[in-house]
Structure formats: structure tokens, C-alpha cells
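Worksheet for the structure shown next.
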Amino acid sequence: MAIMLTTTTTTTTFFLFLLVNSLLFYQSLARPRNPNSLILGLAPASRASLPSLPKASTSPRKKPADVLDMMEPLREVRDGYLISLSIGTPPQVIQVYMDTGSDLTWVPCGNISFDCIECDDYRNNRMMASFSPSHSSSSYRDSCTSSFCVDVHSSDNPLDPCTMAGCSLSNIVKAKCSWPCPSFAYTYGAGGVVTGTLTRDTLRVHGSNLGVTQEIPKFCFGCVGSTYREPIGIAGFGRGALSLPSQLGFLQKGFSHCFLPFRYANNPNFSSPLVIGDTALTSKEDMQFTPMLKSPMYPNYYYVGLEAITVGNVSAIEVPSSLREFDSLGNGGMLVDSGTTYTHLPEPFYSQVLSVLQSLISYPRATEMEMRTGFDLCYKLPCQNNSILTGDLLPSITFHFLNNVSLVLSRGNHFYAMSAPTNSTVVKCLLFQCMDDGDYGPAGVLGSFQQQDVEVVYDLEKERIGFRPMDCASAASFQGLNKT
């Protein structure tokens, strides 16, 4: 999720580093192909220093006539779900995270010059391709007069790159700036930062079946040269003007996804279905929908209200009001975020849930695993024939949302086996975490792990979200996404 961060000395030092890297990156990357090409390379600055927030789209863009409903396969990796973006002429295929908690779509740019700081896990195994705008005949730099440029630079202050480039935001809004759109910096809730420039190019997407391809000209995305803790690109599925659904004209429609369980991670034969458009909203009469809450702080993102959590047969644990409403500053609500792996709950409610679980589970704690993984509740469970399937040994967990909507988590969506069984014993940990942002921003987050084997429908026209337990592997096979 993209949020504002507090500016610190460390952040300032980091952005100075990114400034140098961005200038070197764009100077080496940009190669004008015609008189209309624009030279890349203006100084980035942090959104952390910007006091205002981007506004929600109030007048949705018209959907291009050739953009019909879409279905895209999502590939599961260890901490999220990847969508393949086919960009440029000829097409370059880049895999990025599908993220409902942000707006900007961005891809790594430059196979050699792309640099990610504190991304050691990926440095030795560069699993993702990078985009080369110089190899695409349809790629060009977005202009300062573009509404997307205004959106990505959401404030006018001395540190804003628009001002540094000689074009204040007020001049951009008045279409008086002749510069290309200055470089941007985009921050994420877990501390990640990306810097790059807005680029336009042709995007190719699938139709309602994989045999049909549609071309989207002039799609706007971030061409990113330097990042901090963000080694893989992101497709933003929020409701802001820069998001993929917004640019394709689906803000008055909706989309749905059905995430495969973690056991399918990195399996190329299985994909999770992502459906965009009218098809995502049809035949949903039996689905339970809870209303979307409108966050005054983050109006582009998807919030719901959590009323209670039931553990096993114990009476429902009432949640704090902050998980179903916002305070005067806009803090609160439960964010539905595919870009966050695990569900996060605020204190002291999080500890109350742990206490109830401990009172109902009599198996020995696996404290060594807790120390190693950072999860707060792990148990050693007996298993037959060294199978990780432990049946009903652990209590169920049910989320109760506004409008009497209940979601019973699949058995594999709360406690998960951390390793293969040994000596007829398997260690499972609760994959929930505590919110660590204090009272700022969302009070809780419904992460992608707890959305596995659940059809989640985002009805943007009626501003509601539906949940329905589903065998997502079977759903993918029915839609022709699986190769076996």
C-alpha cells in the first residue's frame, strides 16, 4: 500500500542517494528516437515531504471502445501474486505484483542500471525482467501538462521535483509548463520507495478469454530506475487516476480475484484468475457483500468495517470501533490489500485474539519457531503418516463484517505448516501480525494470505466488496488457466 511517510534524516540521505542514481540511470537510458522524444533525467523528491494526499477520481475516464472485459492469470510467489504486463512495440513482458493497496503501476527499467537497495534476497536471482523504453518504438515520456503528472506530484512545496525543475504544480495545473513530467518518488506503507519517471506506451491485455488480445495505447506507468526494498514492479489496482482499472475505464464496473493457496507458489502450471469488467460482477446473487467505507485519508483504497471475530465456538470477540469507522483525521477502517501478505490487527485487540486461541489450544508451543520467524503463536501438532493435513485440531476463525457478512477462513489461511513434518509432528504458526503504525492510517489490514481460496469481488459501481469461499484451483481450471 502506498502511504505518506514521516521525513527523517535517514529518509533525506536515502533520497539524495536516489537522486544521484536516478540521474545516472536516465542519462544512460534515454536515447531520443525522433524530434518528439523527450530527454529523461530530472531530480526526484520524496512524497514523504508532501503534506497533501492524492484525490480520488471524481469523473471516471471513458473506457476505450476496444477495451472489453478482461481475464488475466496471476502467478503466486512467496509473498504475493504476479500479473504479466505486455508493454511496448515490440512487446516486452514484465511480471509485477497485483496490488489493491496502491494506484501507480510501475516496472523496473534498465536490465543493468536498475538498482534496488536492501534487496539482497533477489540480487543473486534476478527472477524479473526489466523494461527498456529505448527498445520500444511506441514509448515516450509523459508531459508536465498531463493530469497523471499532477496526480503523481500531489503537492506544491520547495522539495517537490516540479518546483526543482522550474515548474510549480500550480503551473502544471494551468498547463503552462513545457517540461516533461519531472521524476517522482512513491512511498509504500512497509517503508519501500521507488523513483522514476512517468512513461507512456502500448499495453496489451487479454480479453474475457486468453485467446483474445487487446491493445491499450498511451498507457501511463512509472519507469523506475531505483528502489528501496521494492525489487519487483507493481500494478496498482486502487481507484486513483493512475491505477490500471481507472486507465482502462473500469472504475464504474469492478473486478474479482480468487487467490490460489500458498502450496501452489512458484508452480508454473497453476494460475489464479483475475477478472475485470462486467463478467466479474455477474452471477453474484448468492454472494454476501459488505459496504466499502470511504476513507477521508486514503479515498482511493478499499476499506471495509470489521465488527467481530469468532474463534472456534467461543462467543464473538468484539473489535474496537476503529476497525469499522474513521476518526476526525481519517485514521481507521480495515484495508483490503492484496499487496500485504498477512492480516494485521491493532493492539490490544490482537493480543485478545491470541489469548482466546491459547485458551482453546492444548498442544505444546513451538517457541523456537516463534523466535526464528517472528510469528507470535506456533504449535507442535501431531500428524499421521507425516502429513501436514491435521484436520480440525485447531479452532476455526471467522471474520464478521458490516451488513452481517461472515467469512470463515479456510483451515490453511490462519495456521500454516512452517516446514515438512518430522517424527509425526508438524509445526504450524498463526499467520496474523500486529499493526505497528500506532493510530496512523488503517486500523487493520486484510492480507492476501487470508484471502486464499476466497472469491473476492470489488463492485465499484455499488461500492461494496463480496466474499465467497471457493476452491480457486477448480475455478482456474474451469476458466482454462491451469496447464494440467
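The values are calculated or read from the model by the stated rules, or taken from the named source; none is laboratory data. Small disclaimer: the values here were computed from a predicted structure and weren't measured. For neighbour counting, all protein chains shown are included, and Cβ atoms are generated from backbone atoms with ideal geometry for every residue, glycine included.
Gly238 passes every criterion in (1) modelled with pLDDT of 95 or more; (2) assigned to a strand (DSSP E or B); (3) crowded, with 20+ Cβ neighbours inside 10 Å apart from (2). Can you tell me which residue is modelled with the lowest pLDDT among those in the range 468-484 that are within 23 Å of Ser406 (Cβ to Cβ) and under 23 Å from the mean Cα position of the chain (by Cα)? Looking at residues that are within 23 Å of Ser406 (Cβ to Cβ) and under 23 Å from the mean Cα position of the chain (by Cα), I get Ala475. Looking only at residues in the range 111-139 that are touching a Lys or Arg at 6+ places or on another chain (Cβ under 9 Å) and at pLDDT 90 or above, the one that is farthest from Lys218 (Cα to Cα) is Ser134. Looking across the range 245-256, the residues that are surrounded by fewer than 23 Cβ atoms within 10 Å (Cβ to Cβ) and hydrophobic (A, V, I, L, M, F, W, C) come down to Leu248, Leu251.
Determine if the range 199-206 includes at least one residue that is part of a strand (DSSP E or B) and hydrophobic (A, V, I, L, M, F, W, C).
Checked the range 199-206: at least one residue is part of a strand (DSSP E or B) and hydrophobic (A, V, I, L, M, F, W, C).
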